[in-house]
Amino acid sequence: MIHESSANIQGDARGCGERLREARAAAGLSVQEVASRLRMPVHVVEALEEGRWQVIGANVFVRGQLRSYARLLGVDVEPLLETHIAPAVPVDLVSHAYTPRYQRVMESAGRRAVYVVITAAIAVPVWLATRSHFNDVAPTTASLDAVPAEVAQPAPPLRVAQSVAVPATGTAAVEADSGAPYMASLAPVNRVPQASSGKLLFDFSGESWMQVTAPDGSTLEQGLMRAGDARSFDTASVGRVVLGNASVVRVQQAGSIVDTTPYQRANVARFAVSSDGSVTAAE
């Protein structure tokens with residue numbers, strides 16, 4: 001019985017192939033033209049016409065290609081497909097619901113490793129880019145209130161070469177070295193000017209920022225003073241004074257010490273000088 005069934009199937013295959021070949025010849029098409037229209041290899045078309053379906057592949061592919069070929073030629077092969085020609089064989093389904101424990105552990109470890117790599121790829125460049133900012137030391141600044149960002153340091157006062165009196169026959173002062181020109185010295189003068197009634201004197205025992213303006217608003221002097229510096233101004237030429245770090249500055253006017261404490265705020269003293277030389281609070 002099995003041999004007879006196999007012979008019937010082979011005979012149906014040859015009969016189906018002959019029907020397709022006769023229909024193709026009646027349509028005036030060549031094997032190459034059919035293969036081009038169906039987008040199949042030529043040897044597949046020839047195998048379909050000769051009933052050699054085993055060279056094509058699985059039954060599901062044979063059924064699909066037979067239907068395409070029959071539809072192109074207008075031939076009805078469905079009765080043969082439903083009975084004997086390349087019957088569809090149900091696919092055995094294999095359940096994969098159960099996963100071994102070691103496989104689950106490996107998959108979990110793989111996912112965690114991927115997360116670690118991605119996090120490192122993002123975090124390391126950010127850390128390298130911002131590391132230099134963490135090492136920066138914030139500059140220390142003194143609270144001098146209205147001190148400008150960049151203050152030009154004035155050149156230290158020049159000390160002029162002094163003439164030396166020679167106690168000899170002449171009564172006039174003679175220069176110490178008449179053969180060489182006098183050169184200005186860049187050494188700072190630590191000598192405190194003598195107070196006089198028409199002078200306003202400043203003696204600095206530490207670093208302090210000073211600004212002295214005239215009554216018309218023009219700047220007489222502005223800059224950073226260092227310990228040992230001293231400045232002297234005509235009282236009539238001074239309109240307003242600002243002293244940073246005022247606690248290290250001694251102010252004299254008309255031979256008397258001027259108390260700048262009433263004019264200080266945050267160790268910055270601001271005061272005005274009237275035309276008669278008196279010191280008042282700055283507006």
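The values are calculated or read from the model by the stated rules, or taken from the named source; none is laboratory data. Only a predicted model underlies this, so the values are computations on that prediction, with no experimental measurement involved. Counting neighbours? That spans all protein chains shown, and the Cβs are built from the backbone with ideal geometry, glycine included. Ligands, DNA and RNA are excluded from the accessible area calculation, which covers all protein heavy atoms including side chains. Shrake-Rupley method; radii C 1.70, N 1.55, O 1.52, S 1.80 Å.
Between V117 and S218, what length in nm is gained on full extension when 0.36 nm per residue of separation is reduced by their alpha carbon distance?
Once the chain is fully extended between V117 and S218, it gains 29.7 nm.
Can you compute the FRET efficiency between N267 and T130 using 1/(1 + (r/R0)^6), with r the Cβ-Cβ distance and R0 = 45 Å? Round to the nearest 0.05.
0.75
Of the peptides 198-205, 239-246, how do they stack up when ordered by the mean number of other Cβ atoms within 10 Å, highest first?
With the highest mean Cβ count within 10 Å placed first, the list reads 239-246, 198-205.
What full-extension length gain, to one decimal in nm, is calculated for D276 and S232 as 0.36 nm per residue of separation minus the Cα-Cα distance?
14.2 nm
Taking a 1.4 Å probe, which of R19, R37, R52 shows the most accessible area, and what order do the others take after it?
Order by accessible area, largest first: R37, R19, R52.
Please sort 21-32, 247-258, 113-124 by packing, taking for each peptide the average over its residues of neighbouring beta carbons within 10 angstrom, highest first.
247-258, 21-32, 113-124
Could the peptides 99-111, 209-221, 59-71 be put in order, highest first, of the mean number of other beta-carbon atoms found within 10 Å of their residues?
Per-residue Cβ counts within 10 Å, averaged per peptide and sorted highest first, yield 59-71, 209-221, 99-111.
Can you tell me how segment 235-283 classifies by the Cα gyration tensor, rounded, prolate or oblate, using a/c under 1.5 as the rounded cut?
Oblate shape, in that a/c is at least 1.5 and b/c is the bigger or equal ratio.
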